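Structure record follows, encoded as structure tokens.
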Amino acid sequence: MSAPTVEHVINGQRRSTGGDPIDVTDPATGRVIAVIPAAGQAELDEAVAAAQAAFDQWSQTSLTKRAGVLFAFREQVASRRAEIEEIISREHGKTRPDAAGEITRGLEIIEFACGLPQLLQGSYADQLSTGVDTYAYREPLGVCAGITPFNFPAMVPLWMAPIAIAAGNSFILKPSERDPSASLKLAELWAAAGLPDGVFSVLQGGPALVDAILAHPGIEAVSFVGSTPIAKHVYERGSAHGKRVQALGGAKNHAVVMPDADIDEAADHLVAAGYGSAGQRCMAISAVVAVGTEEETGPLIKAIAEKGEAVVVGPSTSEDSEMGPVITAASRDRILAIITETEAEGAQVVLDGRGLTVPGHAEGYFVGPTLITGIDRSSRAYTEEVFGPVLVVLRAADVDEAIRIVNEGPYGNGAAIFTSSGAAARKFQREVQAGMVGINVPIPVPAGSFSFGGRKASLFGDTHVYGREGLNFYTRAKAVTSRWPDSALRPAASLAFPSEPRH
């Protein structure tokens, strides 16, 4: 029996193409479960043309009516979340509770977008000059595109599309080819919410489609979340084609654990933040900086190892599973090679996730929780984003050295500190070079009314995603200066630089 075809959505219609096939694999079994016929230039041109036509109508739709569609979409997602969770778990491999958390965070962004009539209120200055009023407001850009990663196939599209669409834009989504089907469910729910055809489209494909999107003259803005090398490519290529671009890259998030922290609680959070979703989160904690002597930091390492060893690894179809597989065989092999390479360099693999076999799933892409100590900071396990269930531990003498270690890294996505000292927490918060900071919170992803984004090699462009910064990204400012003079008092025009009339 052949694998089902994953379709595109163009102008409200499900479509397939004769493009090059891309296999979608179940990471828990290694079996091909679907095939994507990749979209090409013709499909992209058609989707952009439909989006441009839809934009003309949608951008003129009242804020109240747009907000009504957003409210309806929110209810559609909430009522159909079990279906979305099942799709995510089947294609990505993450557990159902993990998929449920993804939907919950996505709903936060939709709820933020529902406040559009208030969010897009402009400003007005009456009688700024004699008989002159000035007001400013924001307008939509046109056709926007989102290129999203495999690790959050529903949440990251929901970071982008609801804000863009609420602001009056049309939106083309290019989801990851690793787990593409959640995007089709979202398109179905947008239609059920009353969104006009063409405002939201889905094109399936790989790197060639990404480059075509970045070069297309009909697309005004591109949002991207993924690895740093690709984020850099997206930013440079998109900007070169005159597009507005926000490109969020990778991370090496550190958690500093002070001697005064609750060790058991910190270890619980570090295991969840390091091994949840098999470490495939851009906000995962992958480096622990334990402050103190070897004797002082020993209990923390022991607690992480014991709790990590207790994590149940298995397929999402098992209710007992707490952690699923990584996304591909290539990803698994790279993670295992990094662990082996680090051990050969002299590091200690305290908890070893190599050689893990899940009964009945020998062909799955499983890696067990791994904890490494005694690591050299030049090691690939530390310098690269492993994107797997691997935690490395470094030691620092004090909070100043810990902050220096964090800041010397090339990334600046998130950082956390575990401490009972307000002074240490405040010092860390003010001095650490990261876009998102957690204090006794391991994964400090901001709520939907704030914005998500890092610094340094974690962000290309100057605008974070969702929240008010996301709204600003999908709109541009316009200022209007008006005067309605009384003909009897109208002054003569002057060639001098305009200033306030004196009468």
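The values are calculated or read from the model by the stated rules, or taken from the named source; none is laboratory data. A quick note: this is a predicted structure, and the numbers were derived from the prediction, not measured. Positions of Cβ are generated from backbone atoms using ideal geometry, with glycine treated the same way; all protein chains shown enter the neighbour counts. SASA here: full protein model, heavy atoms, side chains in, ligands and nucleic acids out. Shrake-Rupley method; radii C 1.70, N 1.55, O 1.52, S 1.80 Å.
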> Which ones in region 417-476 are farther than 24 Å from residue 272 by Cα, aromatic (Phe, Trp, Tyr) and outside any strand (DSSP E or B)?
Replying inline: 466, 473, 474
> When you scan region 239-256, how many residues do you find that are open to solvent by less than 20 Å² (accessible area, probe 1.4 Å) and either among the aromatic types (Phe, Trp, Tyr) or out of contact with any Gly (no Cβ under 9 Å at 6 or more places or on another chain) (or both)?
Replying inline: 2
> What are the residues in region 380-390 that are surrounded by fewer than 20 Cβ atoms within 10 Å (Cβ to Cβ) and either part of a loop (DSSP other than H, G, I, E, B) or in contact with a Ser or Thr (Cβ under 9 Å, 6 or more places away or on another chain) (or both), if any?
Replying inline: 380, 384
>> Residues that are buried (at least 19 other Cβ atoms within 10 Å of the Cβ) and under 30 Å from residue 275 (Cβ atoms): does region 52-63 have at least one?
In response: no
>> Under 7 Å between Cβ atoms, which residue pairs at least 6 apart in sequence (or on different chains) link something in region 439-458 that is without any contact (Cβ under 8 Å) to a residue 40 or more places away in the chain with a partner that is open to solvent by 70 Å² or more (accessible area, probe 1.4 Å)?
In response: 439/429; 451/468
> Mind checking which residues of region 391-402 are among the charged types (D, E, K, R) and in contact with a Ser or Thr (Cβ under 8 Å, 6 or more places away or on another chain)?
Replying inline: 395
>> For region 21-33, which positions are β-branched (Val, Ile, Thr) and open to solvent by less than 30 Å² (accessible area, probe 1.4 Å)?
In response: 24, 29
>> Whether any residue in region 340-352 is under 24 Å from the mean Cα position of the chain (by Cα), in contact (Cβ under 8 Å) with a residue 12 or more places away in the chain, over 16 Å from residue 326 (Cβ atoms) and not in a loop (DSSP other than H, G, I, E, B) is what I want to check.
In response: no
>> Which condition from (1) open to solvent by 40 Å² or more (accessible area, probe 1.4 Å); (2) among the hydroxyl-bearing types (Ser, Thr, Tyr); (3) more than 20 Å from the chain's Cα centre (by Cα) is the one that residue 104 breaks?
In response: (3)
> What are the residue pairs meeting all of these: first residue in region 105-121, first residue acidic (Asp, Glu), second residue surrounded by fewer than 18 Cβ atoms within 10 Å (Cβ to Cβ) and not in a helix (DSSP H, G or I), Cβ atoms under 6 Å, and 6 or more apart or on different chains?
Replying inline: none
> Does any residue in region 257-268 that is part of a strand (DSSP E or B) come within less than 6 Å, Cβ to Cβ, of a residue that is open to solvent by 80 Å² or more (accessible area, probe 1.4 Å) and modelled with pLDDT of 95 or more six or more places away or on a different chain, and which pairs are these?
Replying inline: none
> So which residues in region 171-215 are buried (at least 18 other Cβ atoms within 10 Å of the Cβ) and in contact with a His (Cβ under 8 Å, 6 or more places away or on another chain)?
Replying inline: 178, 179, 201, 202, 203, 204, 214
> Just one of the numbered conditions (1) within 24 Å of residue 197 (Cα to Cα); (2) assigned to a helix (DSSP H, G or I); (3) open to solvent by 30 Å² or more (accessible area, probe 1.4 Å); (4) of a type outside the set (D, E, K, R) is not true of residue 18; which one?
Replying inline: (2)
> residue 89 versus (1) in a helix (DSSP H, G or I); (2) open to solvent by 20 Å² or more (accessible area, probe 1.4 Å); (3) more than 23 Å from residue 201 (Cβ to Cβ): which is the lone unmet condition?
Replying inline: (2)
>> Can you find a residue that is modelled with pLDDT of 95 or more, over 17 Å from residue 266 (Cα atoms) and surrounded by fewer than 20 Cβ atoms within 10 Å (Cβ to Cβ) anywhere in region 413-420?
In response: no
>> Among the residues in region 206-216, are any in a loop (DSSP other than H, G, I, E, B) and acidic (Asp, Glu)?
In response: no
> Does at least one position in region 36-51 carry a residue that is more than 30 Å from residue 220 (Cβ to Cβ) and either in contact (Cβ under 8 Å) with a residue 60 or more places away in the chain or open to solvent by 10 Å² or more (accessible area, probe 1.4 Å) (or both)?
Replying inline: no
> Checking residue 17 against (1) touching an Asp or Glu at 6+ places or on another chain (Cβ under 8 Å); (2) of a type in the set (Ser, Thr, Tyr); (3) farther than 17 Å from residue 206 by Cβ, which single condition isn't satisfied?
Replying inline: (3)
> In region 269-290, how many are assigned to a strand (DSSP E or B) and either β-branched (Val, Ile, Thr) or open to solvent by less than 10 Å² (accessible area, probe 1.4 Å) (or both)?
Replying inline: 5
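A quick yes/no check of all residues on (1) touching a Cys at 6+ places or on another chain (Cβ under 9 Å); (2) modelled with pLDDT of 95 or more; (3) part of a strand (DSSP E or B):
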{"residue": "97", "(1), (2), (3)": "no, yes, no"}
{"residue": "100", "(1), (2), (3)": "no, yes, no"}
{"residue": "105", "(1), (2), (3)": "no, yes, no"}
{"residue": "108", "(1), (2), (3)": "no, yes, no"}
{"residue": "112", "(1), (2), (3)": "no, yes, no"}
{"residue": "118", "(1), (2), (3)": "no, no, no"}
{"residue": "121", "(1), (2), (3)": "no, no, no"}
{"residue": "134", "(1), (2), (3)": "no, yes, yes"}
{"residue": "137", "(1), (2), (3)": "no, yes, yes"}
>> Given the criteria more than 21 Å from the chain's Cα centre (by Cα), part of a loop (DSSP other than H, G, I, E, B) and among the charged types (D, E, K, R), does residue 377 qualify?
In response: yes
> Looking at (1) out of contact with any helix residue (DSSP H, G or I) (no Cβ under 6 Å at 6 or more places or on another chain); (2) more than 30 Å from residue 403 (Cα to Cα); (3) surrounded by fewer than 18 Cβ atoms within 10 Å (Cβ to Cβ), which is the only condition residue 220 fails?
Replying inline: (3)
